[in-house]
Amino acid sequence: MMDLTIPKYKVLRDDGDCIRCGVCVRQCSYGVHEMDEDLNKVIAHSKECVNCQRCVVMCPTDALTIIRNPQSDPESVVYNNEVISDIAKQCQTGGVLLAGSGNPKPYPIIWDHMLLNASQVTNPSIDPLREPMETRVILGGKPGNIKIDEANHAIKTPMKPLRTIKLPIMFSAMSFGAVSLNVQKSLAMAAEELGTFWNTGEGGLHKDLVKYKDNTIVQVASGRFGVDTEYLNNGSIIEIKIGQGAKPGIGGHLPGEKINAEVSITRMIPEGTDAISPAPHHDIYSIEDLRQLIYSLKEATNYTKPVAVKIAAVHNCAAIASGIARAGADIIAVDGFRGGTGAAPIAIRNNVGIPIEYALAAIDNRLHQEGLRSSVSLIASGPIRNSADVVKAIALGADAVYIGTAALVAIGCHLCQSCNTGKCNWGIATQRPDLVKRLNPELMSERLVNLMHGWSHEIQEMLGGMGINSLDSLRGNRLMLRGIGLNDRELNILGIKAAGE
């Protein structure tokens, strides 16, 4: 069928600078660049370009530029290029349109409408270079009261299993199959060095990563891929995935072409078959069913590991979180509608869910009102882009945050939103051996460590500027936040004052 879509991007080549080396031809997995021997020049098929920037970065003479095609933007605001392009694609295939990465729509980013308070004379600031700053976080449920055996200097109250991270940031779930093994190696190595955790996602745990088990969160999703007792015991925390911010209410689908031999073994499914996660867990249709799974996982691991439950940010997430806390979970992770993904229906990714900022505030409020807040830790994600987002999330009530897209950007992702194609030129969202080898785990883990060290210094600076020397003193302390450009209703939901109050 004739393709009526207009190229979204235009590849421009400076023939004066181009030396016909063929680097762009070899580096592009989408077939954008082609060497024409007869004309002795490289030609570009702009229609295939996804703007991953690999050719631009690798060009030795800086001869390439990629711009948005001016012809692709019609005058209509309602029927813009994205709408027209989606219609043109869908009328050719009759299928569901998929895309990777997070929601690109210009919805307000609430983090950017919150400002941090600062100390001055009456509440002096703290110098983080000369005074100790506590950035450790203890994850897991804590008892409301603790009884002490003073004679033996011991705690008499039974304690749940707890986990300590050195900074309030963890790497979120990205499954083997959706991303390459080298990506997971990078995350695992960085987590070990930083004293935090990385998350396997729903794709099982590759044998090469078992050595990082003390810094690993293993996930139990609806497809149960790779889940057995050995898998559960190779993680330090177990996470039940109920929902995901990029696609609330639906399951997952990893195409069979991504299920190579290694993915097949790790996921425990036949090679070349589609890995389909159903929308619901078929053994969870109530909070009571969820409680049964939580305690089944605890029983399978001799009650030595915290169990987390991950949900998507939706309108009733506060009530859901209350039920999860009562069901015995130790940690609740909530993922906002801008969270990233390897593949999601575009209609779902762009139109379903709510911002993490509102969901986080609502959940923290509800748990406090019901006397449940100390019984669970609260993790926020989707998206956390920088150290300021981390600090604001903690002030809204989070114990820690997950980062996913920011971590991928650190190791080379250029957000071309084509993860679902399996052709990632940066070796991230692909299983093609020729592309996977482009990503060096040792070098990329170093970049992740550098990023987290930078964020850690900035977090300490912001804490010091507020006159706070511990994350515990910031958690849920909304007096340290002020809203700007938000209406009264939004300020009320967030539980913060307007700038100037």
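Rule-based calculations on the coordinates, nothing more; no lab input. Quantities reported herein were computed from a predicted structural model and do not represent experimental measurements. Glycine gets a Cβ as well: all are built from the backbone with ideal geometry, and neighbour counts include every protein chain shown.
A few remarks follow.
- For the chain, a crude dipole built from +1 on the beta carbon of Lys and Arg and -1 on the beta carbon of Asp and Glu, taken about the Cα centre, is about 660 debye to the nearest 20.
- Relative contact order computed over the chain (Cα-Cα under 8 Å; 6+ residues apart), in percent: 19
- Amide proton proximity set for Tyr402, modelled H, under 5 Å, gap of 5+: Met170, Ala380, Ser381
- q = 0.09, 0.10 Å⁻¹: log10 I(q)/I(0) that the Debye formula gives for the chain, counting C-alpha atoms only: -0.67, -0.82
- Chymotrypsin sites (Phe, Trp or Tyr not before Pro) restricted to DSSP loop in the stretch 165-254 with at most 13 other C-beta within 10 Å: none
- Percentage of interatomic Cα-Cα distances in the stretch 366-501 larger than 25 Å: 43
- Degrees separating the helix 81-93 axis from the principal Cα axis of the chain, which is the longest one: 70
- Length gained when the stretch Tyr79-Lys47 is fully extended (0.36 nm per residue, less Cα-Cα span): 9.5 nm
- Extension gain from Asn440 to Ile287, taking 0.36 nm per residue of separation minus the Cα-Cα distance: 50.8 nm
- Taking other Cβ atoms within 10 Å as a rough exposure proxy, Leu254, Leu435, Leu415 sort from fewest to most as Leu415, Leu435, Leu254.
- The ranking of Leu439, Leu162, Leu491 by Cβ neighbour count inside 10 Å, starting from the fewest, reads Leu162, Leu491, Leu439.
- Counted over the chain, the DSSP beta bridges are approximately 40% antiparallel.
- Cβ-derived FRET efficiency at R0 35 Å, Ala499 paired with Leu129, nearest 0.05: 0.75
- Look at Val42, Val83, Val23 and count the other Cβ atoms within 10 Å of each Cβ; fewest to most, that gives Val83, Val23, Val42.
- Mean residue ellipticity at 222 nm, helices only, the chain: -8500 deg cm²/dmol; runs of at least 4 DSSP H residues each add -39,500 (n - 2.57), and the sum is divided by the number of residues.
- Expressed as a fraction of 2.2 N^0.38 Å, the value expected for a compact globular protein of N residues, the C-alpha radius of gyration of the stretch 9-95 is 1.28.
- One chain, two ends: Thr65 and Tyr107. Fully extended at 0.36 nm per residue, the span grows by 12.3 nm beyond their Cα-Cα distance.
- Among the GluC sites (Glu not before Pro) in the stretch 149-219, those placed in a DSSP loop whose Cβ has at most 12 other Cβ atoms within 10 Å are Glu150.
- Any cysteine of the chain lacking a neighbouring Cys Cβ under 4.7 Å - listed by number: Cys18, Cys21, Cys28, Cys49, Cys59, Cys91, Cys317, Cys413, Cys419, Cys424
- Loop-located trypsin sites (Lys or Arg not before Pro) in the stretch 361-454 (DSSP state not H, G, I, E or B) with no more than 16 neighbouring Cβ atoms inside 10 Å: Arg385, Lys437.
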